[in-house]
Number of protein chains: 2
Amino acid sequence: MNSSKKIAKESKEGEIGKVSPQIFEYKKSFVMSYGELSSLQIKYETYGRLNKDRSNAILVCHALTGDHHVAGISDEDERKGWWDHAVGPGKAIDTSEYFVICSNVLGACQGSTGPTSINPLTQKPYGMTFPDLTIKDMVSAQKLLLDHLMIKSLYSVVGGSMGGMQALQWVVEFPSFVKSAMIIAATAQHSAQTIAFNEVGRTSIKRDPHWNNGEYTSETRPEAGLAVARMMAHITYLSDKAMAEKFGRDLMIAGDEQDQKSENNQFTVESYLHYQGFKFVDRFDANTYLKLTKALDRFDLVGDNGLDENLKNVSAKVMVVGFTSDWLYTPSQNKMIAESLQRLGKNASYLEIDHDHGHDSFLLNSHDFLRLIKLFLKGENLVKPVHQESQKSRHSNNRSNVKKEADLKVISGWVKKDEKVLDLGCGRGILLEHLRETKNVKGLGVDYDSTKAAACISRGVNVYQGDIRNALSMLSDNSFDWVVFSRMVEELPEPGQVILDALRVGKRVAVSFVNHGYWRNRLHFSRYGSRITNDVYSEKWEKSHPLNHFSIKEFESFCNPSVELKKPFRLGRKVFHHGNWRTECRWIPNLRAGLAIYELVRV
Amino acid sequence: MNSSKKIAKESKEGEIGKVSPQIFEYKKSFVMSYGELSSLQIKYETYGRLNKDRSNAILVCHALTGDHHVAGISDEDERKGWWDHAVGPGKAIDTSEYFVICSNVLGACQGSTGPTSINPLTQKPYGMTFPDLTIKDMVSAQKLLLDHLMIKSLYSVVGGSMGGMQALQWVVEFPSFVKSAMIIAATAQHSAQTIAFNEVGRTSIKRDPHWNNGEYTSETRPEAGLAVARMMAHITYLSDKAMAEKFGRDLMIAGDEQDQKSENNQFTVESYLHYQGFKFVDRFDANTYLKLTKALDRFDLVGDNGLDENLKNVSAKVMVVGFTSDWLYTPSQNKMIAESLQRLGKNASYLEIDHDHGHDSFLLNSHDFLRLIKLFLKGENLVKPVHQESQKSRHSNNRSNVKKEADLKVISGWVKKDEKVLDLGCGRGILLEHLRETKNVKGLGVDYDSTKAAACISRGVNVYQGDIRNALSMLSDNSFDWVVFSRMVEELPEPGQVILDALRVGKRVAVSFVNHGYWRNRLHFSRYGSRITNDVYSEKWEKSHPLNHFSIKEFESFCNPSVELKKPFRLGRKVFHHGNWRTECRWIPNLRAGLAIYELVRV
């Protein structure tokens, strides 16, 4: 035990080894959304050790056809856990730090009570008489298990796909019980397309004569119908690109052209799907598939009241993660969850992992994804104090860091204690971390870059990975005290409109920019007729990206229009720095200042 | 008849009225890719009249489950044709101008010989003994029909989905017979994902006990299996968004919550799919579905030799059209066909229609799409002679037209007779039309904008609707004499690299740009520290899009590097215009010229 702990501390990955599942029997009646069970059992596994104050428990929730066996080698059948690469000593979910629990969901067929279980009242399998299920019922059953394990709060609840919906249900249902949640490749409601796919699978089962209204034995199961359902579903778990890479148009039988193209020859992708269907009927039950897919289709945290209403009591810190190639639970479906929480001012982030493997990406050993889980769990603790960062940058000769510091100093001075700040183009979250540490500011950063967004997560800074204009458009009026544009307005098309939208969302807007009217720029351009190249404008035109430069004069003219309609804001404080970006510049700024920082105040 | 002609000439849409299908019997043996038929019949319809020189025939090819009844009202069953909104007097495919033919494909079950037909040798239905089919076989059978109708060439062949694959096969198989083709929402080969979906459908049929290895009667058909196959396929014909809009999460039964959420209540999307499945088994045959989907999966014009090799003999003018929301035959699969043809220097265009309805968009009454078909068929005839355009622009006070003219004049002077020109950012295709009219130039335009790309089609100018960098990257080395950048380099990130890539594709590159070093710009900027606003720079910063301005000096410094590696090109001719963009400017151009046009020559 000691040695394994040591390994973990050095952050080398270890293995969990053999694990034994356990059974929790609940002998009382359990009321479900659409029925009641006279008793139930939950099969589960745990990894790592619960600490003394019982504050290190992490619940992992599995997907539709997953089970309680997350990690290690099962002593029942020698199988490796379905997320073994993510859960273990020193791994993303570090079992030398956390006590990890995973249970087979209620209604499933891998050991917890479900349609294949014997109904104590009839002594026959429940089959289709098992009550209609909801994700909420699954979570309620998990709560019974946690109560049984005497766990009073969860450090985190984590799940992908149907597991992500459970995690979401957890933070809605038991807000004070859950400190944080990772909702991965999930959705707040099944779309019409997803329901449609599920219904095709269900129809395939129900129209298999062996289904017999759910009354089948292990000898007469509707294997054909279930296999077709699984084959189809399997396509939705992958991406077009992943399938092209894995199978392409390869044929099973090589040989002459006639052989290759005969009716009986198969593409490898066909053979693979048949194998998936074949394997599946061996380990899964048709009635269970019907009940669980219906529970998924029924899941709807949007409903008539809207997502915001249903998420209004969430208090956990939430990270929602989507995968670019997931077309089952798309990035935008995932983003919708985070957007609602962010609109409500909750502690929430949205991250998007660029991965080719479609929905199943969350099950794969993706470095970026596993790192993100680790960063989120460690949260703020991982972070170096911000003054170290500043000190470092002071000694580096990088102008961009000097500039970050200039912004940080001025804007920090403007923001008051406990205010809310939206940082558009937040980079690695340095400003928001500093404001949190020094002024208890509640911040949300927005950045398109996934590496920068992950750095925000490592600082415990909430982030929306995506487009600035989308972020603004989803946020409510007046939901921030400050909106910060730190030297990024140059990258926006029609920036005037974006600034106006920022003034809808925030009471005050801080805009910092490089003053294009700076005398050196003018002098160089008028003398040579070419752009200046220096620390700020570092690339020649042929290596540059299009930018929308502007000067202090142009910015002020936008702010104080003479002919145009009156703007819904006034100019507040302004600070100009000389070309060195350190000393303040007090007169003729459009000629003499290199950097400008403005406050706009909504009127 | 006269009056209907008149209506057509005024381009008002008329109706075809009643149509009677006809039967063509071919009494000889027909050799197929994987078998032989001792005879065959083709059911078909025609609309409009064949002109005297038999040069106005258009063949329409139908999709997987479509049939010969394209337009009008069938006198067999009063059904409206599946493309009635596109085919008729004055419509996109104008039957007062063209003689339109559509036949049920070989192997189908709506009147042409297929698995449900009686095998004359056995006097029993072919069923699964019908030879394995290919798209090529379908086209060969269509050719027999056209021979029978004494049609010696097709003005055009048009088809969407499987019909698009037939159109593609036509231009490959009978290059001298086909003058033009519209390949719509199609692919040159089925992807692994598409094969996978088809295989699920086939498995559903084959594992239906009623299928009985294809030996079923009309009383014992595998209806369940076929219905499931259709339900699934139907999802792939729509888009997530279209389904969300049409069905959302609406339920069939309103009522209290318990009613709504009970197991028996259905989402409307489920009910809709069941209806689609139900309707389909009534009109379609399971063995036919197996044979036709296999023909689709087998279709592969890429193969071992690559698409370019297989398309090398195409001589028809081709327009490939993709739909943005089509995830079955994606825009990039469609684009791949056009890219290959364009790489080969063929007369080909790629257009993308922004439509939400997924693959089935091609069957819908979309104005933009139907207009495109009309423009393509009319081709060059619709176009006003280019000197009219120029004259018009001379009288308008629009600087952008003046400038287009300046470019046109200079670049037209440089380009020689019969050369090949790639125009990047081609706009409405005015330059390429002018070069074609005056110098017999073979041109390809590239523009991202769909309206501009459609305008190119109306001028008979080949166009690639898409990103300039993608267009360049797909084209072969040395495949054009000229690559033209007409005032669009400013919009590119890292333009130097793009220009170098253009010099790989073309021997010479013409770059025209607004000289940012022009004295008025310098004077204004140095005096006021703000950008100038005039005809060229028309927007204030707050309404501008990011741009990468540069001057003559900067461009020449890129072309004549002193420290950097030697560039693989030399500066050729250059022409500068004063700020009026009309008179030539001969000295101190970086100060005095408003417009610069350069020739770069590969060395």
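The values are calculated or read from the model by the stated rules, or taken from the named source; none is laboratory data. All of these numbers come straight from a predicted model, not from anything done at the bench. Here the Cβ is made from the backbone with ideal geometry for all residues, glycine too, and neighbour counts use every protein chain on show. For the accessible areas, the whole protein counts, side chains as well, though only heavy atoms, and no ligand, DNA or RNA atoms are used. Shrake-Rupley method; radii C 1.70, N 1.55, O 1.52, S 1.80 Å.
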query = Quick check: is even one residue across segment A:482-504 away from chain B (no Cβ under 13 Å), open to solvent by 10 Å² or more (accessible area, probe 1.4 Å) and free of Cβ contacts under 8 Å to residues at least 12 places away in the same chain?
reply = no
key: Answer from B:Lys452, B:Lys540 - the residue that is at pLDDT below 95 and either touching a strand residue (DSSP E or B) at 6+ places or on another chain (Cβ under 7 Å) or of a type outside the set (Gly, Ala, Ser) (or both)   = B:Lys540
request  = Count, please, the residues in segment A:291-321 that happen to be within 18 Å of the chain's Cα centre (by Cα) and of a type in the set (Gly, Ala, Ser).
outcome  = 2
ask   = Going through segment A:205-220 one residue at a time, which ones are at negative phi and open to solvent by 10 Å² or more (accessible area, probe 1.4 Å)?
value = A:Lys206, A:Arg207, A:Asp208, A:Pro209, A:His210, A:Trp211, A:Glu215, A:Tyr216, A:Thr217, A:Ser218, A:Glu219, A:Thr220
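Scan segment B:101-111 and tell me whether some residue there is in a strand (DSSP E or B) and open to solvent by 10 Å² or more (accessible area, probe 1.4 Å).
Of all residues in segment B:101-111, those in a strand (DSSP E or B) come to B:101-103.
Next cut, open to solvent by 10 Å² or more (accessible area, probe 1.4 Å) only: none.
There is no residue in segment B:101-111 that is in a strand (DSSP E or B) and open to solvent by 10 Å² or more (accessible area, probe 1.4 Å).
Go through segment B:356-374 and report how many residues are buried (at least 21 other Cβ atoms within 10 Å of the Cβ) and at pLDDT below 95.
Residues that pass the stated criteria total 0.
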query = Does segment B:221-249 hold any residues that are facing chain A (nearest Cβ under 9 Å), surrounded by 24 or more Cβ atoms within 10 Å (Cβ to Cβ) and in a loop (DSSP other than H, G, I, E, B), and which are they?
reply = B:Leu238, B:Ser239
Residue match in segment A:51-66 (condition: more than 29 Å from the chain's Cα centre (by Cα), at pLDDT below 95 and open to solvent by 60 Å² or more (accessible area, probe 1.4 Å)) = yes
key: Of the criteria (1) at the interface with chain B (Cβ under 10 Å from one of its Cβ atoms); (2) not in a helix (DSSP H, G or I), which one A:Phe555 fails   = (2)
query = Any idea which residue in segment B:462-481 is nearest to B:Leu432 (Cα to Cα), counting only those that are of a type in the set (S, T, N, Q) and buried (at least 23 other Cβ atoms within 10 Å of the Cβ)?
reply = B:Asn462
Selection within segment A:171-192 - open to solvent by 10 Å² or more (accessible area, probe 1.4 Å), outside any loop (DSSP other than H, G, I, E, B) and within 14 Å of chain B (Cβ to nearest Cβ) = A:Gln189
key: Output for segment B:301-341, where each listed residue is of a type in the set (D, E, K, R) and open to solvent by 10 Å² or more (accessible area, probe 1.4 Å)   = B:Asp304, B:Asp308, B:Glu309, B:Lys312, B:Lys317, B:Lys335, B:Glu339
query = Applying the selection to segment A:53-85, what residues are over 28 Å from A:Ala295 (Cα atoms) and free of Cβ contacts under 8 Å to residues at least 40 places away in the same chain?
reply = A:Asp53, A:Asp77, A:Glu78
query = From the residues in segment B:273-322 that are in a strand (DSSP E or B) and within 26 Å of A:Val269 (Cα to Cα), which one is farthest from the other protein chains (Cβ to nearest Cβ)?
reply = B:Gly322
note = Matching residues in segment A:115-170 (open to solvent by less than 40 Å² (accessible area, probe 1.4 Å) and in a strand (DSSP E or B)) number 8
ask   = Are any residues in segment B:335-349 in contact with a Leu (Cβ under 9 Å, 6 or more places away or on another chain) and within 24 Å of B:Leu64 (Cα to Cα), and if so, which ones?
value = B:Met336, B:Ile337, B:Ala338
note = Within segment A:16-47, the count of residues that are open to solvent by 60 Å² or more (accessible area, probe 1.4 Å) and not in a loop (DSSP other than H, G, I, E, B) comes to 6
ask   = Does at least one position in segment B:294-303 carry a residue that is farther than 21 Å from B:Val200 by Cα and of a type in the set (Lys, Arg)?
value = no
remark   = Considering residues that are open to solvent by less than 10 Å² (accessible area, probe 1.4 Å) and in a strand (DSSP E or B), the number found within segment B:418-435 is 4
query = What is the number of the single condition among (1) more than 11 Å from chain B (Cβ to nearest Cβ); (2) surrounded by fewer than 20 Cβ atoms within 10 Å (Cβ to Cβ); (3) closer than 24 Å to A:His578 by Cα that A:Lys507 does not meet?
reply = (3)
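Residue by residue, here is whether (1) within 42 Å of the chain's Cα centre (by Cα); (2) modelled with pLDDT of 90 or more; (3) under 30 Å from B:Leu595 (Cβ atoms) holds:
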site: A:Gly517; (1), (2), (3): yes, yes, yes
site: A:Arg520; (1), (2), (3): no, yes, yes
site: A:Ser526; (1), (2), (3): no, yes, yes
site: A:Ile552; (1), (2), (3): yes, yes, no
site: A:Phe558; (1), (2), (3): yes, yes, yes
site: A:Val563; (1), (2), (3): no, no, no
site: A:Arg582; (1), (2), (3): yes, no, no
